[in-house]
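Here the structure is laid out as structure tokens; the discussion comes afterwards.
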Amino acid sequence: MATSISYTNDGHYRVSFDDDDIRTTLTYYGDTVDAWLDEIYRIHRRRLHRLVVGLDVEWRPSYGYGYTAPPVALLQICVGRRCLVFQILHADYIPDSLFDFLADERFTFVGVGIDDDVQKLRAGYGLEVECTEDLRSLAADELGNPALRSAGLEALVWEVMGVQMSKPHHVRVSAWDSRVLSYNQLMYACVDAFASFEVGRSLYDGDY
């Protein structure tokens, strides 16, 4: 499945994946994170008690860091067709609203290997993600297919959405700690979070 990206005149990006256009916000400013979260609360105010949130992180490959785990460089959050790509490594500050959002027990944060991502966020930034669901276990249980417990996101997207997803290796191992991301990096980061959200929403049978 081909993806595309374009810059919009309101300062955001539009990432296309399958038949969906995802309004994507890229930032390292805490104030922008505040504004994005305010918008999510407003748009989804009637379903906050059962909100599904796609979550993913990226970090620079570990070579060069010796035995020290590399820090999370990007935090990606997706709800509906809105995605936040927060360059947390370069952030001017991490807003309290992000701490509160991630710790909200009403929300279910979904992703592949999400517990590892959450541990990295806790260790690096003191962020606590209260309620998580690994999409592999969720899909295996909901679809009655135990083999999905070892599946990657690409396989889950195909199994649940019927969409062929591409995760280029050269982008996956790229310099995520760069202050300026390429369009390919931004597309990759956005689509990962959006696909996680869509798989989770579908399995939870949510209406977004």
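Computed from the coordinates by the stated procedures, all read-outs in this text should not be read as laboratory data. All figures in this text were calculated on a predicted structure; none of them were measured in a lab. Note that each Cβ is placed from the backbone with ideal geometry, even for glycine, and that neighbours are counted across all protein chains shown.
Some points to look at:
- Residue count for the stretch 1-29 satisfying the condition of being farther than 17 Å from Arg81 by Cβ and crowded, with 18+ Cβ neighbours inside 10 Å: 1.
- Any chance Ser202 is among the polar types (S, T, N, Q) and either in a helix (DSSP H, G or I) or within 14 Å of the chain's Cα centre (by Cα) (or both): yes
- Unique residue being of a type outside the set (Val, Ile, Thr), within 19 Å of Ile22 (Cβ to Cβ) and surrounded by 15 or more Cβ atoms within 10 Å (Cβ to Cβ) when the list is Ser196, Ser174, Ser166, Ser182: Ser196
- Filtered by the rule that a residue be among the polar types (S, T, N, Q) and either part of a loop (DSSP other than H, G, I, E, B) or closer than 16 Å to Ala155 by Cβ (or both), the stretch 166-199 gives Ser166, Ser174, Ser178, Ser182, Ser196.
- Any hit, the stretch 165-175, residues being charged (D, E, K, R) and under 23 Å from Asp34 (Cα atoms): no
- Given (1) closer than 28 Å to Tyr13 by Cβ; (2) surrounded by 13 or more Cβ atoms within 10 Å (Cβ to Cβ), number of the condition Asp100 does not satisfy: (2)
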